[in-house]
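Peer 1: Take a look at this one; I'll ask things after.
Since every read-out is calculated from the coordinates, none of them should be taken as a lab result. Since the model is a prediction, treat every value here as computed from it, not as a measurement. Note that each Cβ is placed from the backbone with ideal geometry, even for glycine, and that neighbours are counted across all protein chains shown.
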Amino acid sequence: MLLVACMGLSLVACGGGSNTPASNDGGTTEEGNEGAQASDEGGSDENASNEGSDEGGSSGDVITVGFSQVGAESDWRTANSESMKSTFSEANGYKLIFDDAQQKQENQLTAIRNFINQEVDYIVLAPTTETGWDTVLQEAKDAGIPVIIVDRMVDVSDDTLYNCYVGGNFKLEGQKACEWLKAYADAKGITELNIAHIQGNIGASAQIGRTEGLEEAAEKYGWNIVAQQSGEFTQAKGQEVMESMLKSNDNINVVYCENDNEAFGAIDAIKAAGKTCGPEGDIIVVSFDSVKAAFESMIAGDLNATFECNPLHGPRVAEIIQKLEAGEAVDKIQYVDEAYFDTSMDLESILAERAY
Ligand code: GYE
């Protein structure tokens with residue numbers, strides 16, 4: 001246990017990032033949205049009035065931000081949407097056009113094109129997957145609209161198609177989780193690891209990085225990944241996938257879930273199969289995000305550890321926009337500092353202070 005705690009310190013210390021700590025109270029909750037053409041596409045919502053007379057351009061005080069959000073699949077995503085909405089409020093001088101893509105890239109492409117037609121001041125994109133953005137981002141660039149990539153990354157041939165990225169370093173998160181797992185298993189004298197790997201949405205940066213972290217560690221330490229399938233970052237799918245993995249593999253002693261919600265589902269499946277998990281159980285459960293419910297799950301003795309992915313990007317994106325407004329340079333890649341939590345810690349106290 002001491003070994004695990006010490007290792008944790010060094011992991012936190014090396015998780016370099018360039019952003020300020022998050023604060024989630026960025027103003028009132030009302031977004032100042034104009035009824036706009038984009039509002040009926042792909043699940044757009046959140047329309048309200050904006051009395052400003054300067055809509056649709058870069059003149060005047062109100063800054064119009066078109067935000068294309070992935071969906072509402074997880075607790076992480078809910079906290080992220082809330083952070084964006086509370087930051088880009090009318091009271092803070094913004095008009096936010098919020099578009100929920102319901103997990104579909106085609107909805108995001110439509111939303112971005114609508115933002116361009118509306119001549120928003122900034123486009124903020126949380127991309128479903130990494131690829132497939134070159135054409136639409138070229139259109140935004142041609143229209144002279146700055147693009148900020150948030151949460152997940154894009155894979156484009158020309159990196160001038162976006163101004164900057166702010167979000168997690170997902171491979172580093174995966175590496176931290178695997179170093180924790182190695183130390184934990186060693187301390188417990190577990191020499192053979194048979195891992196059920198429940199992935200996120202395939203092609204999303206959060207999936208790609210966390211999967212790479214695990215696959216490289218498995219290669220390095222001789223772990224067996226006995227099953228690998230997407231749980232689509234949802235609790236329901238995580239449960240379904242774990243149920244079938246347990247049916248076809250009776251030797252699973254670790255489940256590596258690429259977000260907390262998948263882990264909640266996997267834990268239900270483990271219990272339904274008559275097995276146990278957590279620090280006192282048969283199966284070690286690790287996951288990512290560190291949402292409040294993950295703390296409750298660790299306190300209940302179900303989840304072993306959760307590796308943080310911070311969703312409170314609203315204030316970070318606002319800071320970038322304010323710098324761009326002032327004509328200042330912004331760092332191209334801005335990773336957020338992230339910690340991790342396990343059952344050796346004082347989880348009640350940490351949970352009491354947790355913002356999401
Ligand atoms: O880990 C997961 C969400 O992209 C970092 O997406 C995000 C991930 C997060 O659905 O819970």
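Peer 1: Sticking with the crude label model, points 7 Å out along Cα→Cβ, report the distance from ASP250 to GLU139 in nm, one decimal please.
Peer 2: In this crude spin-label approximation the distance works out to 5.6 nm.
Peer 1: Can you tell me which aspartates and glutamates have their Cα less than 19 Å from the Cα of LYS275? Leave out same-chain residues fewer than eight positions away.
Peer 2: GLU192, GLU240, GLU243, ASP250, GLU262, ASP302
Peer 1: Any idea what the relative contact order of segment 215-356 is, in percent, if you count C-alpha pairs under 8 Å spaced at least 6 apart?
Peer 2: 18
Peer 1: While we're here: What FRET efficiency, computed as 1/(1 + (r/R0)^6) with R0 = 30 Å and r the Cβ-Cβ distance, is obtained for ASN224 and SER344, rounded to the nearest 0.05?
Peer 2: Using R0 = 30 Å, I get an efficiency of 0.70.
Peer 1: Using alpha carbon centroids, what distance separates segment 234-297 and segment 332-356, in Å?
Peer 2: Cα centroid of segment 234-297 versus Cα centroid of segment 332-356: 20 Å apart.
Peer 1: Something else about it: Take the Cβ-Cβ distance between GLU319 and GLU243 as r, set R0 to 41 Å, and report the resulting FRET efficiency rounded to the nearest 0.05.
Peer 2: So the FRET efficiency works out to roughly 0.40.
Peer 1: Moving on to the next point. Can you pull out the GluC sites (Glu not before Pro) in segment 167-273 whose DSSP state is coil and whose Cβ has at most 11 other Cβ atoms within 10 Å?
Peer 2: Those that pass, being in a loop and sparsely packed, are GLU192.
Peer 1: What spacing in nm lies between the two simple spin-label points modelled at LYS271 and LEU351, each 7 Å away from Cα in the Cβ direction?
Peer 2: 1.4
Peer 1: If you take the beta carbon distance between ALA72 and LYS188 as r and set R0 to 45 Å, what does 1/(1 + (r/R0)^6) give as a FRET efficiency, to the nearest 0.05?
Peer 2: After rounding to 0.05, the efficiency reads 0.75.
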